Amino acid sequence: MSYNLKQYLNKNVLIVLSEGEILEGKLIGFDKHLNLTLEKFIIKKEEEEGNENETSDNKPVMNIVRGDLIVFLGEVDTEKIYKLNKENETNEKYNNLLNKINDKNYKFYKSTKNMANEREIKTWMKVYQLRQHENKKRALDDKDNNEYNNVKKSKN
Amino acid sequence: MLFFSLFKTLVDQEVTIELKNNLKLTGTIKSVDQFLNIKLDNISTPESHLDEDGDMIYLNNPHFAGLKNLFIRGSNIRYVHLKKSLVDCNLLQDAARRELAMEKREEK
C-alpha cells in the first residue's frame, strides 16, 4: 500500500508543490499518504542568497510536507550541481538562470490548483456589485409598480 | 487495475508525461505503483538539449540539471503520451470492457 520511496531516504531531495514552491531538504520519512518529513529544508522561493546556512541552523530541525500538495520529487545530485556551479561561474546565460532561481517572484512551475488570480477576483467582484445594484433597482421598480397599482385600485 | 498492469508492461520504455502544471517531461519509466505514481529516469523537456560535454541543459526549469531521477505523484499527471507500438489499442479496449463486465457481475 505504501509508496516506494526507500531509494530517496536520507538523501537530498527537491520537491515541487502544487502552487509552484520548490523545497529542498533531506528526506527522513514518508507514509502512505506521501506525507514527507524533511530535515534542514530550504524553501527556494523565500530564501535569500548567502544566508542559507545561517538560517537553517536556527530553524526547526524537522518539517512535514502534506502529501496531496506534492507534484513531484527528485533526488538531488549534489556533486553535479557543484560541478555545474564551478564550470559556469563566468557563463552569462547560467548566471541569468541563477538570478531567476534566486528571484523570489519568478515562478518556474505553474499552480495546479484551480485558484482564481487577483484580476479574476476583482472582475467577479465588479460583476457581483453590478448584479446587486440591478437587483436593488428591480426591487425598487417592483415596489413603485405595486404602489401605483394600489393607488389605481383604491381609486376604482 | 488494468492500467496499472498496462504501465507495468511499459517499464524501461520512453514516454512523455504531461503534468497538470503544463510541464511536459520525457523519460524512461523506472517503476509504477497502484496510484499510477511514476518514477522517471533520463528526464528531458521540450526545451532541453545536450551541450558539447554531453550534459543536459534545461532552459526553463534549471532545477532538473541536478536531478538524478524523478518521482511524479499520480494525481498530478494529465496525460501520458505513448508510442503507437507500445500499446495495442484494440486489445486494451477489449480488456477494459471485460473488466467492467466482471465488476458488474460481482456487484450482482
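Taken together, the values in this text are just the output of simple stated rules run on the coordinates, not laboratory data. Small disclaimer: the values here were computed from a predicted structure and weren't measured. Quick reminder, even Gly has a Cβ in these numbers, built from the backbone with ideal geometry, and neighbours come from all protein chains shown.
Here are a few things to note about the model shown:
- Sorted by Cβ neighbour density within 10 Å, fewest at the top, the residues B:Ile17, A:Ile121: A:Ile121, B:Ile17
- For segment A:116-156, a Kirkwood hydrodynamic radius built from all Cα pairs, placed in the Stokes-Einstein relation at 20 °C and 1.002 mPa s, yields a translational diffusion coefficient of 173 µm²/s.
- Point-charge dipole on Cβ atoms (K/R +1, D/E -1) for segment B:2-107, about Cα centre, debye to 20: 460 debye
- Inter-chain Cβ neighbour count for A:70-83, averaged per residue, equals 6 (cutoff 10 Å, partner chain atoms only).
- Residue among B:Leu40, B:Leu19, B:Leu92 with the largest mean-square fluctuation in a Gaussian network model of chain B, springs linking Cα atoms under 10 Å: B:Leu92
- Counting Cβ atoms of other protein chains within 10 Å of each Cβ in B:37-44 and taking the mean gives 2.
- Largest to smallest principal axis extent of the C-alpha atoms in segment B:2-107, angstrom: 58, 26, 21
- Spin-label zone in segment A:14-35 - amide nitrogen under 16 Å from a point set 7 Å from the Cα of A:Thr78 along the C-beta vector: A:14-15, A:24-28
- In segment B:2-107, Cα pairs under 8 Å separated by at least six residues give a relative contact order of 26 percent.
- Counting Cβ atoms of other protein chains within 10 Å of each Cβ in B:19-28 and taking the mean gives 4.
- Projecting label points 7 angstrom from Cα along Cα→Cβ for A:Asn35 and B:Thr16 puts them 3.8 nm apart.
- Positive-end extreme of charge dipole, chain B - chosen from B:Ser31, B:Tyr58, B:Pro46 (charges on Cβ): B:Ser31
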